[in-house]
Every structure is written in structure tokens, then in C-alpha cells.
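Throughout, read-outs are computed from the coordinates displayed, never taken from laboratory work. Small disclaimer: the values here were computed from a predicted structure and weren't measured. Using ideal geometry, Cβ is built from the backbone for each residue, glycine included, and neighbour counts are taken over all protein chains shown.
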Amino acid sequence: MLPSQALIGSPVRRREDPRLLRGQGRYVADIVLPNQLSAALVRSPHAHARIAGIDVSRARAMTGVLAVFIATDLADTVRPLPVLVPHPALREIPQPLLAADLVRYVGQPVA
């Protein structure tokens, strides 16, 4: 029997549970630093769609918003991210930070 098979169906004690159950967990959202900013992404609700346009004027006009970006804003600044595919038979396809003309999956960032 493999060691991992011995765990199937057995309770596993996790070291972090007592701390989390007592409300003493520390999360990224709990960290506050000087001059800290927050970021939000707008993600596609569509699995496959063409982007006809994105109007960000209302978002840019909101109080407290320092910047709003779409793909064309970042085209000359940010290179596509490498996708590390965990299988040698699959080719690596660079992933744009934000979708420009086409969204390829639900949840792909667009702004």
C-alpha cells in the first residue's frame, strides 16, 4: 500500500485548523500597509466572445479610482504571461494579461 492510500478515508489533522477555528487566521485582506492600493478585475462572463468595445469612462470618473486599464492601455508595456502547461505533449500558449479582441474562457480578465 502506498503512503497516500493509507490516508484515504482517514481524518487528517491540519496544523492550521485550531488557529483558523479560533478566528486567529491572517489573510492577505487583513494586511494594511502605508499607501496601499487595491485592484479589481472585470472578468468575462462568456466562454468565447468577441470584444466589440469596452467603455471605461464611468469607472475612471469614480471617486478614489486611480487607474483603469484595458488591453490597449498595456499593449506597449506588458508582455503576455507564459502559461506553464504541466504536460510535454501540450504546447505553451502565451496568455495576455487582459483580453483584447477575443475572450477565450469564462473568467478571463478584460479590464
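Only Lys, Arg, Asp and Glu carry charge here, each on its Cβ (+1 for the first two, -1 for the last two); on that basis the chain has a dipole of about 420 debye about its Cα centre. The phi-based Karplus calculation (6.51 cos²θ - 1.76 cosθ + 1.60; θ = phi - 60°) puts the 3J(HN,Hα) values of segment 69-84 at 10, 10, 3, 5, 5, 9, 3, 8, 10, 10, 7, x, 7, x, 9, 8 Hz, whole numbers, x for Gly and Pro. The alpha carbon convex hull volume per residue for segment 61-111 rounds to 122 Å³. Placing dummy labels 7 Å off each Cα toward the beta-carbon, the span from V12 to T63 is 4.8 nm. Ordering F69, I8, L102 by Cα displacement along the dipole of the chain toward the positive end leaves I8 in first place; charges were set at the Cβ atoms of Lys, Arg (+1) and Asp, Glu (-1).
For segment 5-111, the ratio of Cα radius of gyration to the globular rule of thumb 2.2 N^0.38 Å stands at 1.56. For Q108, the residues whose modelled amide H falls within less than 5 Å of its own, excluding neighbours fewer than 5 places apart on the same chain, are S44.
Summarising the amide proton neighbourhood of Q95: residues at separation of 5 or more, or on other chains, whose placed amide H is nearer than 5 Å comprise L81, V83. Sparsely packed loop sites in segment 1-75 (the trypsin sites (Lys or Arg not before Pro) outside DSSP H, G, I, E and B with at most 13 other Cβ atoms within 10 Å) comprise R13, R14, R15, R22, R26.
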